[in-house]
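> Got a structure here, written out as structure tokens. Questions coming.
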Amino acid sequence: MIIATNHLLMLTSISRFFSKTKQASVCLIGEVNTGKSTLANRISNDFTGQDMSAVSEIAHETRDIIKLEHVNFNTDGKKLDLTLVDTPGIATSIDYKEFVGQGIPEDQAMQRAKEATAGIIKAIKFLEEVDVAVVMMDATKTPFDQVSLTLMGTLEMNKKKTIIVANKTDLPEAKPDLIKSTFPQHTVIPISALKGEGINDLYASIAEVA
């Protein structure tokens, strides 16, 4: 009886070990207005039923790192205890006058520019802590800009697991194949974060890489 009980306890312990949900952090990062917050909300809604980030047509709506912890990510039979991270849009420069031109009072525009600049610095530093970087690119634009090339170079230098998302494929001018040919050494997933197109391919890629 004692032997049988000990055997059962051992099997239970082994089962718990192999069924343990893996923890991973996934960071959405990329140039401003590539759709990071839209994708963050899409993922959050799919797995938690709630929005995560504010979305606006005005640039730099997200000016600080936003974390959503303990997302029960379950796809293709793989379970992850996911920390989803939305980051401020990366830009080479931020001019407060652009916000003024969009109807924001000058004092608020200057504060917004200051916060956005600080957020960019924080986002770049935060990459050292994440397990997987999901780099958002606008498929309607060429991927040869300074931000994308510098960001990808930084991730490669730090040997970070990286998935490139070619977003906005619902738009007729989108050219996701151009992004694929520019970064052939990386996984590129064409999606529309707004419409949900290609989102399951992204989930499968996250499950594979994390």
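> If packing is taken as the average number of other Cβ atoms within 10 Å across a peptide's residues, how do 122-128, 37-43, 193-199 rank, most packed first? Numbers along the way, then the final one.
Working: 122-128: 15.4, 37-43: 22.9, 193-199: 17.0.
My ranking of the peptides, most packed first, is 37-43, 193-199, 122-128.
> Separate question: Given 37 °C and 0.692 mPa s, how large is the Stokes-Einstein diffusion coefficient of region 113-170 in µm²/s, with Rh as the Kirkwood radius over Cα pairs? Write down the numbers at each step before the final one.
On the way: Rh = 12.5 Å.
Using the Kirkwood radius from Cα pairs, D works out to 262 µm²/s.
> For region 138-201, take the alpha-carbon Rg, divide it by the Kirkwood Rh, and send me Rg/Rh.
On the way: Rg = 11.8 Å, Rh = 12.2 Å.
Here the Rg-to-Rh quotient is 0.97.
> May I pose another question? Restricting the count to DSSP beta bridges whose residues both fall in region 58-210, what percent are antiparallel, rounded to a multiple of 5?
Numbers: 9 of 20 bridges.
Percent antiparallel among DSSP bridges in region 58-210 is about 45.
> Give the Cα extents of region 21-209 along the principal axes, in whole Å, largest first.
Between the extreme Cα coordinates on each principal axis of region 21-209 lie 51, 35, 33 Å.
> Just to be sure I understand the curve: with the Debye formula and one point per C-alpha of region 71-156, what is log10 I(q)/I(0) at q = 0.24 Å⁻¹?
Rounded to two decimals, the profile gives -1.19.
> Given a cut-off of 31 Å, name the pairs among 22/175; 78/125; 114/175; 114/180; 22/141 whose C-alpha atoms lie farther apart than that in the structure shown. Could the numbers behind the result be given before it?
Values: 22/175 35 Å; 78/125 29 Å; 114/175 33 Å; 114/180 34 Å; 22/141 36 Å.
Those over the limit are 22/175; 114/175; 114/180; 22/141.
> Quick check: the distance between the Cα centres of region 144-166 and region 107-133, to the nearest angstrom?
If you average the Cα positions of each part, the centres end up 17 Å apart.
> If you take every residue apart from residue 76 with its C-beta less than 13 Å away from the C-beta of residue 76, what net charge results, scoring Lys and Arg +1 and Asp and Glu -1?
Details: positive: 78, 79; negative: 201, 208.
Once all neighbours under 13 Å are counted, the net charge is 0.
Read the figures in this text as sums done on the coordinates, not as results from a lab. Because the structure is a prediction, the values reported are computed rather than measured. With ideal geometry, Cβ positions are generated from the backbone for all residues, glycine too; neighbour counts draw on all protein chains shown.
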